[in-house]
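What follows is a set of notes on a single structure, which appears directly below.
A short reminder: the numbers here are calculations on the coordinates, not readings from a lab. None of the values given here were measured: they were computed from a predicted structure. Don't worry about glycine lacking a Cβ; one is built from the backbone with ideal geometry, like all the others, and counts go over all protein chains shown.
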Amino acid sequence: MNKINLYQLRRNALAKEIFTKTGGGIAIISTAPEMARNRDSEFPYRHDSDFFYLTGFEEPGATLVMQVSGNGKDYDVQSHLFCRPKDLEREIWDGIRLGPEAAPKTLGIEFAHSNQVLDQKLGELLADQDAAYIRLAESAEADRLLRHWMKQVRGQARSGVNPPSEFHDVEALIHEMRLFKDVHEIDIMRRAAAISARAHIRAMQACKPGMREYQLEAELLHEFRNSGSQSVAYNSIVAGGENSCILHYRAGSTELRSGELCLIDAGCELDGYASDITRTFPVNGKFTGPQRTLYDITLAAQEAAIGMTKPGNTFMQPHEAALKVLTQGLLDEKLLKLSELGSLENAIETGAYRRFYMHRTSHWLGMDVHDVGSYRETTQAQASTEKPWRILKSSMVITIEPGLYIRPADDIDEAFWNIGIRIEDDAVINDSGCELISRGVPVKADEIEALMKNA
Ligand code: GLY
Ligand code: MN
Ligand code: MN
């Protein structure tokens, strides 16, 4: 399938949802704004994921408007793209713009207009649409624009024109679609994960005591960009020694010291899709006894979670499986005291493990690193009670990332101080289980040691 058809199919699928819900309506989805970093300098531009999902269009200053008209039995959809007009002067400075003249053919969209006529056109497009699908409570600016458009439609009331009387959250519909990745998306995610895996290998092989965290970050970035990735999917974490126990640490200037661990959580973004990999390795290439013990517990927890990552299980089952192994390991190593807690079950129920493992094992992965989609079942039947955790299905993508973080404390054996370990892989759920797309980088302790030795 060519790319244009892909986006048309997605718009059509969204139109079908709108038709099913309200018999028709209008959907408005804008892309992300550009953001100033400081004087005359902007943050690297990143499109809005929902907008890109429906258009494949990466320029700023664009809005998609979809008109879904139904006759009770069937529906039709016509899409309008509002984009930056051609402007020779601006294009000399900022780069080529597609422009509304070329947009319909290039993007396979029915109509395109300059974004300068967005206000006027939206007044027309919103007229006599009962249901409008927008991002609810998105921003003050979006609210202001909506008020402005609504005012224009209300201004036509005496001509018999009515504004929409219902507003719905368009994100809920798009995010449900995005939760299930199509073949095209999974292909990109496999390639993104392969690049990130190579970057982790490169960083492990470059690592030597005395280097700084930012130098390993540079190795990661080299592999990302040299492989064609446009960006990081999130700020890279390169955490040496005690920094490995800080969950959202950034690569800093700490020296990487022999005898300590280095935790790297880094993934590239490729063609709009994230990868998310964590590996933890000894700075000098050889795990100490206590490091190895906790590493193997974490890996066993990940294996247990992987075993539960299959269709029909709930989103929480991999987490519960990991939790059991981690907590048993903490009891075995006397980091949690069986004499105080009584049993493994009690250690889990009371949350005693949270001192050493304070995050969940998984999240959705896709265009966004913490991707969209409800973690609970969304059916109406359960609307009045607590909704059950989401059932895993083929073509969902999740991370599996157990960890252990041991900060210094009087009641903790000093041998374990400052050991922070996380092992994270990306899993595409398939018909029988899951495919780990990030295993291009070794994960077993022996294999990591061998890799570093042969550097
Ligand atoms: N890198 C972010 C996360 O693992 O959730
Ligand atoms: Mn993650
Ligand atoms: Mn991560």
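Residue-by-condition table, conditions (1) surrounded by fewer than 20 Cβ atoms within 10 Å (Cβ to Cβ); (2) out of contact with any Leu (no Cβ under 9 Å at 6 or more places or on another chain); (3) of a type outside the set (D, E, K, R); (4) assigned to a loop (DSSP other than H, G, I, E, B):
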position	(1), (2), (3), (4)
M1	yes, no, yes, yes
L6	yes, yes, yes, no
I29	no, no, yes, no
E58	yes, yes, no, yes
Q78	yes, yes, yes, no
F82	no, no, yes, no
K86	yes, no, no, yes
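Among the residues making up the range 220-251, a single one is more than 16 Å from ligand 2 (Cβ to nearest atom), part of a helix (DSSP H, G or I) and crowded, with 23+ Cβ neighbours inside 10 Å: F224. Restricting to the range 271-287, and then to whatever is among the polar types (S, T, N, Q) and more than 12 Å from ligand 1 (Cβ to nearest atom), can you tell me which residue is farthest from A450 (Cα to Cα)? Of everything passing the filter in the range 271-287, T280 is farthest from A450 (Cα to Cα). Counted as qualifying within the range 269-347 are the helices (runs of 4 or more DSSP H) with 3 or more residues that are touching a residue at least 40 places away in the same chain (Cβ under 8 Å) and closer than 22 Å to L392 by Cβ, namely 289-307, 316-332. Might you let me know whether the range 33-41 holds any residue that is more than 23 Å from L136 (Cβ to Cβ), hydroxyl-bearing (S, T, Y) and in contact (Cβ under 8 Å) with a residue 24 or more places away in the chain? Within the range 33-41, not a single residue is more than 23 Å from L136 (Cβ to Cβ), hydroxyl-bearing (S, T, Y) and in contact (Cβ under 8 Å) with a residue 24 or more places away in the chain. The number of residues in the range 252-268 that are part of a loop (DSSP other than H, G, I, E, B) and either within 16 Å of ligand 2 (Cβ to nearest atom) or within 18 Å of the chain's Cα centre (by Cα) (or both) comes to 1.
Rundown of residues vs (1) within 16 Å of ligand 2 (Cβ to nearest atom); (2) touching an Asp or Glu at 6+ places or on another chain (Cβ under 8 Å), yes/no style:
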residue: L338; (1), (2): no, no
residue: E345; (1), (2): no, no
residue: Y375; (1), (2): yes, no
residue: P388; (1), (2): no, yes
residue: V397; (1), (2): yes, yes
residue: P402; (1), (2): yes, no
residue: E424; (1), (2): yes, yes
residue: G440; (1), (2): no, no
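Going through (1) closer than 25 Å to Y353 by Cβ; (2) within 16 Å of ligand 3 (Cβ to nearest atom); (3) hydrophobic (A, V, I, L, M, F, W, C); (4) part of a loop (DSSP other than H, G, I, E, B) one by one, A427 falls short only on (4).
In this entry, I437 is excluded by the filter for residues that are in contact with a strand residue (DSSP E or B) (Cβ under 8 Å, 6 or more places away or on another chain), of a type in the set (A, V, I, L, M) and closer than 30 Å to A352 by Cα.
Regarding A193, is this residue crowded, with 18+ Cβ neighbours inside 10 Å and of a type in the set (A, V, I, L, M, F, W, C)? Yes. Return yes or no: is D368 within 14 Å of ligand 1 (Cβ to nearest atom) and of a type outside the set (S, T, Y)? Yes, satisfied.
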